[in-house]
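No value in this document is a laboratory result; all are computed from the given coordinates. Bear in mind the structure is a predicted one, so any value in this text is a computation, not a measurement. Counting neighbours? That spans all protein chains shown, and the Cβs are built from the backbone with ideal geometry, glycine included.
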Amino acid sequence: MKLCIKEQEHYRTDAIFFLIGLVLFFPLFAFGLWFGHTGYNRIGQMFACGFQRVTGFPCPGCGGTRAFYYLFRGEFFKSFLYHPAVLYGMGAYLEFMALYLYRNYIRKTNREIQIQYYLYGALFVIVLQWVVKLAFIVARLIHIL
Amino acid sequence: MDAKTTGIVAYLTWIGFIIAICAGDKDGAIFHVNQALVIMLFSLLAVIPCVGWIWGIFMLVCWIMGLVAAINQEEKEVPLIGKIRILK
């Protein structure tokens, strides 16, 4: 299997991200499994959010640690409820790797994958889930729910 | 240094940025010098706990995209913050 980063004096962005993804694959999953089984109980308190402690409202990243924890415990729905962006990130990562392999080794096209759409999607998911969380908290504060 | 080298060196942390400003062909690679400055300024936000770390991942991806564009000698803007022009 040949991985071609450079073609005709032109370096491919998606090939470089694919290499980084390959290198990160094992450490990421090893860390996730460790975190899901012993790490969360040991160092989970380190990730507590200062913003939430001070103001009482969650920041856009709140729930991420618990979502990561539940993702590697296999409880995907709970993970989605805590923070959808973690599930999105994992899905985008796997989708990117699969799409790169498909395009380069099965279809054999030279079309590059546009990384920026993954970023815009992630921002959209983060902002959306934050707005929904804030809406739930405000609704609870004024006793609608 | 020629314009290509200046553009690449500008992305390599603050030290590289200062080298690119002082010793490089700043006018030739003004696009990448400016973009490197914008990326590194926004990366400072990543020290905020929790939400800053997500932002840090975002900036890391932007940084790699900018660096690859500099190596290819393309003037390609990174998403979201690429429109900002500090150095003219």
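Data table
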{"item": "In region A:60-85, residue nearest to the other protein chains (Cβ to nearest Cβ) [restricted to those that are in contact (Cβ under 8 Å) with a residue 40 or more places away in the chain and of a type outside the set (Gly, Ala, Ser)]", "result": "A:PRO60"}
{"item": "From B:MET1, B:MET59, residue being without any contact (Cβ under 8 Å) to a residue 40 or more places away in the chain and either at the interface with chain A (Cβ under 10 Å from one of its Cβ atoms) or out of contact with any Gly (no Cβ under 6 Å at 6 or more places or on another chain) (or both)", "result": "B:MET59"}
{"item": "Qualifying helices (runs of 4 or more DSSP H) (wholly inside region A:70-145; at least 3 residues being touching a Pro at 6+ places or on another chain (Cβ under 8 Å))", "result": "A:116-141"}
{"item": "Any chance A:VAL54 is within 29 Å of A:ILE115 (Cβ to Cβ) and either within 12 Å of chain B (Cβ to nearest Cβ) or of a type outside the set (Phe, Trp, Tyr) (or both)", "result": "no"}
{"item": "Residue among A:ILE115, A:ILE16 that alone is closer than 30 Å to B:LYS76 by Cα, free of Cβ contacts under 8 Å to residues at least 24 places away in the same chain, surrounded by 11 or more Cβ atoms within 10 Å (Cβ to Cβ) and within 14 Å of chain B (Cβ to nearest Cβ)", "result": "A:ILE16"}
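Residue by residue, here is whether (1) crowded, with 17+ Cβ neighbours inside 10 Å; (2) polar (S, T, N, Q); (3) within 9 Å of chain A (Cβ to nearest Cβ) holds:
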| position | (1), (2), (3) |
| --- | --- |
| B:VAL38 | yes, no, no |
| B:LEU41 | no, no, no |
| B:LEU45 | no, no, no |
| B:VAL78 | yes, no, yes |
| B:ILE81 | no, no, no |
| B:LYS88 | no, no, no |
